[in-house]
Amino acid sequence: MPTPIMRLIAPFALILIITLAACTAPTSGPTGNETPRRWRIGMSQANNAEPWRQAMNEQIAAAAARYPQIQIEFTDARQNNAQQVADVEAFLRQGIDLLIISPNEATPLTNVVAQVFQRGIPVIVLDRKVRGDQYTMWIGADNRLIGRKAGEYTARWCRENRRSPCNVIELRGLEGSTPAQERGDGFREGIAGNADVRIIASQNADWLAERAETLSRMMFDANPTVDVVYAHNDPMAIAAFDVAQDQGRDTDAILFIGIDALPTPDGGIQAVRQRKLDVTYVYPTGGAEAIEWAIRILEQRETPPREVILDTEEVTGANADTVWQKYGGR
Ligand code: FRU
């Protein structure tokens, strides 16, 4: 015989049991009868306006489309740190299961990334880094290595072309973004083997073709002899080439180096094939890898490596056609 008190609590006990069962039941399983779990992923992009970042977003979207359980939302910080902090805070308010972020600059984005991580939400940092270790993993290519390869290429080219001194102008990426620092440092290591190589001018063009156009014009005007243009990305290298051509310089006598090697009509591989650039380096976006790792973290509960380093490739006139085919140039 149930006592009055038992009768009183029975409905509540039933609700509690049902709730507990719902919480512990697998959301998807071998029978396939349960509702599959959906994952909300926030993708915080530093700036949508640059072609390489558009490629990154496209690769993320294409990879995510293979997983119907992923719901992904992109934000565009338009190269503004405060905006990107606000974008991530908004993701936190809305609730996300995982954050992918390609931070505009390292220091200003470090705290907000740490906040997300400390709430137990996995964070995949892509391409540009943040400071410290408050994130789950970083995916990107080795920018110091790329810079060093560009420097070694320069050192060799200057020697082979008997340029002494060999005058380099450098167009740098946004200073607070880690690839700018690393591509600059690596280049300096690479040229160290040839004392004739001198960086005679170095300007910060923030990764942007328009700024590179103005700044390279000023640098060319101030320096009658320029042997090498080293730009931290292809859009800036191509802008400098156009300026040199516009000024009636002998562009065949100048070594133009860029980085990114996008397989698009305006990208670096095509610029090498058109003999605007002499060399560029493949800088993979890591978009597909970020989604693969997101799934492994969320569904397989894997502990990822701290870093996944993506391969690069040197692209010159000798292999540009092959590389173009390889990356599905269009
Ligand atoms: C685009 C870009 C690329 C470059 C990367 C470095 O914003 O400037 O051209 O390789 O960012 O983070």
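No lab work stands behind these numbers, since they all come straight from the coordinates. Values in this document were obtained by computation on a predicted structure and should not be read as measured data. Backbone-built Cβ (ideal geometry, glycine too); neighbour counts: all protein chains shown.
Evaluated at 25 °C with a viscosity of 0.890 mPa s, what Stokes-Einstein diffusion coefficient in µm²/s does region 255-330 have when Rh comes from the Kirkwood expression over alpha-carbon pairs?
Rounded, D is 179 µm²/s.
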Using Cα pairs under 8 angstrom and six or more residues apart, how large is the relative contact order of region 228-280, in percent?
38 percent
Please compute the modelled spin-label separation between residue 38 and residue 78, points set 7 Å along Cα→Cβ, answer in nm with one decimal.
2.9 nm
Amide proton proximity set for residue 197, modelled H, under 5 Å, gap of 5+:
166
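Out of every Cα pair in the chain, what percent are spaced more than 38 Å from each other?
Values: 14911 of 54285 pairs.
Cα-Cα pairs of the chain separated by over 38 Å account for 27 percent.
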If you stretched the chain out fully between residue 300 and residue 156, how much longer would it get, using 0.36 nm times the residue separation minus the C-alpha to C-alpha distance?
47.1 nm
Once both label points are put 7 Å beyond Cα along the C-beta direction, the residue 86-residue 115 separation in nm becomes 1.3 nm
Can you work out the Karplus-derived ³J(HN,Hα) for every residue in region 62-74? Use 6.51 cos²θ - 1.76 cosθ + 1.60 with θ = phi - 60°, whole Hz, and x for glycine or proline.
5, 5, 5, 5, 6, 10, x, 6, 8, 10, 10, 10, 9
Using amide H atoms built 1.01 Å from N in the peptide plane, name the residues 5+ places from residue 204, or on other chains, whose amide H lies under 5 Å from its own.
172
Residue by residue through region 223-228, what is 3J(HN,Hα) from phi via Karplus (6.51 cos²θ - 1.76 cosθ + 1.60, θ = phi - 60°)? Round to whole Hz and write x for glycine and proline.
10, x, 10, 10, 9, 9
Two-decimal ratio, region 50-147, of alpha-carbon radius of gyration to 2.2 N^0.38 Å
1.06
For region 301-306, 3J(HN,Hα) per residue [Karplus equation, 6.51 cos²θ - 1.76 cosθ + 1.60, θ = phi - 60°, Hz, x = Gly/Pro]:
6, 6, 8, x, x, 5
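About the Cα centre of the chain, how large is the charge dipole given +1 on each Lys and Arg Cβ and -1 on each Asp and Glu Cβ? Please answer in debye to the nearest 20.
800 debye
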I need to check one value: relative contact order of the chain, counting alpha carbon pairs closer than 8 Å and at least 6 residues apart, in percent.
15 percent
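Before rounding to the nearest 500, sum -39500 (n - 2.57) across all DSSP H runs of length at least 4 in the chain and divide by the residue total; then give [θ] at 222 nm in deg cm²/dmol.
That calculation yields -14000 deg cm²/dmol at 222 nm.
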In terms of modelled amide H atoms, which long-range or inter-chain residues lie less than 5 Å from the amide H of residue 142?
310
Using a 10 Å cut-off on Cβ atoms, rank the peptides 64-74, 273-283 from the highest mean neighbour count down.
273-283, 64-74
Would you mind ranking 219, 43 by Cβ crowding within 10 Å, fewest neighbours first?
219, 43
